[in-house]
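Encoded as C-alpha cells, the structure appears first; notes follow it.
The values are calculated or read from the model by the stated rules, or taken from the named source; none is laboratory data. All values derive from a computational prediction rather than experimental measurement. All Cβ positions, even for glycine, are placed from backbone atoms using ideal geometry, and neighbour counts span all protein chains on display.
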C-alpha cells in the first residue's frame with residue numbers, strides 16, 4: 001500500500017514532487033496546498049486519499065489573561081503542548097508568538113523544568129510540529145474575539161523537548177513554516193532554543209548557510225555562570241561543559257547586527273547572587289549576545305520559589321552596568337502552567353528513556369496502561 005503524502009510535513013516543492021503521478025494536475029496541487037495552509041481550507045470533497053491530513057484535535061485550551069495554552073491529542077494517545085503569547089509594543093500594537101514543542105517530554109533532566117519530569121517519550125515529526133502552528137492559526141479560540149485563529153508573527157522552539165535532539169524534524173518544520181506558499185513566517189522571526197547541544201548548534205549553523213535561512217535565530221539556555229552550578233541544575237553540562245559550549249557559540253555563523261540570545265533562568269539562592277551576575281557577564285564578554293533573564297517559574301513540586309521582583313531587577317541592572325546587553329523576559333501564563341519551563345502533562349510519565357539518536361525505536365507507555 002502506497003504511503004500517504006504529509007501535507008503538513010513538506011514544503012510545496014517536495015509535496016508537489018511527491019504528488020506527481022497521483023492523478024492531480026500540478027496547478028491543482030499548488031492551489032490545494034496553499035488553501036490548506038493559508039486558509040485552513042480543503043477541497044469540497046475533502047483531501048485526496050493520497051494526502052495525509054495531519055491535523056490533530058485540540059483537547060484543552062487554558063487562558064491566562066491573553067496567554068493561551070493548548071494541547072492536542074496525538075494518534076498514539078500522547079499530547080503536544082503549545083502556547084500563544086501576546087507581545088505588546090510601545091506603539092500599543094500586539095503581535096503574537098507561538099511557542100511550539102519538538103518532542104513529547106525531554107531527556108535533558110534540567111532540575112528547574114516541568115517537562116524534564118516526564119522524561120523523553122518520543123520525537124515529534126515535522127507534520128506534528130507544524131500541526132501546532134496550523135491549530136493556532138485556524139482552530140484555537142481567541143479570547144478577545146471568541147473566534148478561532150491567531151495571526152502568528154513569531155515561532156519559538158521553546159516548548160517541550162530539546163530541539164537539537166530532533167533537529168531533522170525541526171528543520172523540516174521550519175521549511176514548511178517559512179514557505180511562502182504555506183504560512184510565510186519570516187525566518188528572522190523563528191528562534192530555535194537549546195540547552196547547549198554543541199553538535200546540534202553546529203548543524204543548525206550549517207543549515208542557516210542555505211539560501212533563505214541565514215536570518216534564523218539561536219537561543220541558548222545557559223542558566224549558570226560556571227560548570228559547578230550548571231552541572232547541578234543541568235545534567236547536559238557534565239558531558240558538554242561551559243567551555244565546550246562557548247567554543248561552539250564563538251564558531252556559530254552570525255549575521256551583522258545579530259546576536260545569540262543567552263537565556264538565564266534566575267533561581268533564588270542558586271544563580272542569582274551579584275557575583276554570579278559578574279561572572280556570567282565576564283563569560284559572555286567575547287560573544288555577541290543578548291542576556292535574557294527569565295524569572296524562575298516554579299514547576300510542580302519545585303524545591304525553589306519564584307524570585308522576588310527586586311532581586312530580578314537588581315540582577316538585570318548589574319548586568320547592564322557590567323556592559324552586557326540584558327533584558328528581562330516578561331512572565332506570562334504562570335498560573336496556567338504555560339510559562340517558560342512549565343509545560344508537561346503531569347499524568348503522562350515515561351517508563352522507558354531512549355537515546356535521542358534512536359528515536360525511531362521509542363516504545364510508548366502511558367501511566368495506567
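Given the condition in a loop (DSSP other than H, G, I, E, B), at pLDDT 95 or above, out of contact with any helix residue (DSSP H, G or I) (no Cβ under 6 Å at 6 or more places or on another chain) and surrounded by fewer than 19 Cβ atoms within 10 Å (Cβ to Cβ), answer yes or no: does some residue in the stretch 324-340 qualify? Checking the stretch 324-340: at least one residue is in a loop (DSSP other than H, G, I, E, B), at pLDDT 95 or above, out of contact with any helix residue (DSSP H, G or I) (no Cβ under 6 Å at 6 or more places or on another chain) and surrounded by fewer than 19 Cβ atoms within 10 Å (Cβ to Cβ).
Criterion applied to 291, 287 was being within 17 Å of residue 263 (Cα to Cα), over 20 Å from the mean Cα position of the chain (by Cα) and at pLDDT 75 or above, and the one residue passing it is 287. Identify, please: which residue in the stretch 1-24 is assigned to a loop (DSSP other than H, G, I, E, B) and modelled with pLDDT of 95 or more and is, among those, surrounded by the fewest Cβ atoms within 10 Å (Cβ to Cβ)? Among residues in the stretch 1-24 that are assigned to a loop (DSSP other than H, G, I, E, B) and modelled with pLDDT of 95 or more, the one surrounded by the fewest Cβ atoms within 10 Å (Cβ to Cβ) is 11. What residue, of 188, 195, is surrounded by fewer than 18 Cβ atoms within 10 Å (Cβ to Cβ), touching a strand residue (DSSP E or B) at 6+ places or on another chain (Cβ under 8 Å) and in contact (Cβ under 8 Å) with a residue 12 or more places away in the chain? Going through 188, 195 in turn, the sole match is 188.
The residues of the stretch 40-92 that are out of contact with any strand residue (DSSP E or B) (no Cβ under 7 Å at 6 or more places or on another chain) and either touching a residue at least 24 places away in the same chain (Cβ under 8 Å) or crowded, with 17+ Cβ neighbours inside 10 Å (or both), listed by number, are 40, 47, 48, 49, 53, 55, 63, 64, 65, 76, 77.
Considering each residue of the stretch 157-170, count those that are out of contact with any strand residue (DSSP E or B) (no Cβ under 8 Å at 6 or more places or on another chain) and either in contact (Cβ under 8 Å) with a residue 60 or more places away in the chain or crowded, with 19+ Cβ neighbours inside 10 Å (or both), and give that number.
Residues flagged as out of contact with any strand residue (DSSP E or B) (no Cβ under 8 Å at 6 or more places or on another chain) and either in contact (Cβ under 8 Å) with a residue 60 or more places away in the chain or crowded, with 19+ Cβ neighbours inside 10 Å (or both) within the stretch 157-170 amount to 1.
For the stretch 225-239, the set of residues classified as more than 21 Å from residue 157 (Cα to Cα) and in a loop (DSSP other than H, G, I, E, B) consists of 225, 226, listed by residue number. Highlighted here are the strands (runs of 3 or more DSSP E) found entirely within the stretch 93-133 that include at least 1 residues which are surrounded by 23 or more Cβ atoms within 10 Å (Cβ to Cβ) and over 15 Å from the mean Cα position of the chain (by Cα): 120-123. When residue 215 is tested against (1) in a helix (DSSP H, G or I); (2) touching a residue at least 12 places away in the same chain (Cβ under 8 Å), exactly one condition is not met: (1). The condition (being within 18 Å of residue 323 (Cα to Cα), out of contact with any strand residue (DSSP E or B) (no Cβ under 7 Å at 6 or more places or on another chain) and not in a helix (DSSP H, G or I)) is satisfied by just one residue among 286, 256, 298: 286.
Exactly one residue out of 215, 180 is at pLDDT 95 or above, out of contact with any helix residue (DSSP H, G or I) (no Cβ under 6 Å at 6 or more places or on another chain) and within 25 Å of residue 131 (Cα to Cα): that is 180. Of all residues in the stretch 134-156, those being surrounded by fewer than 24 Cβ atoms within 10 Å (Cβ to Cβ) and assigned to a strand (DSSP E or B) number 4.
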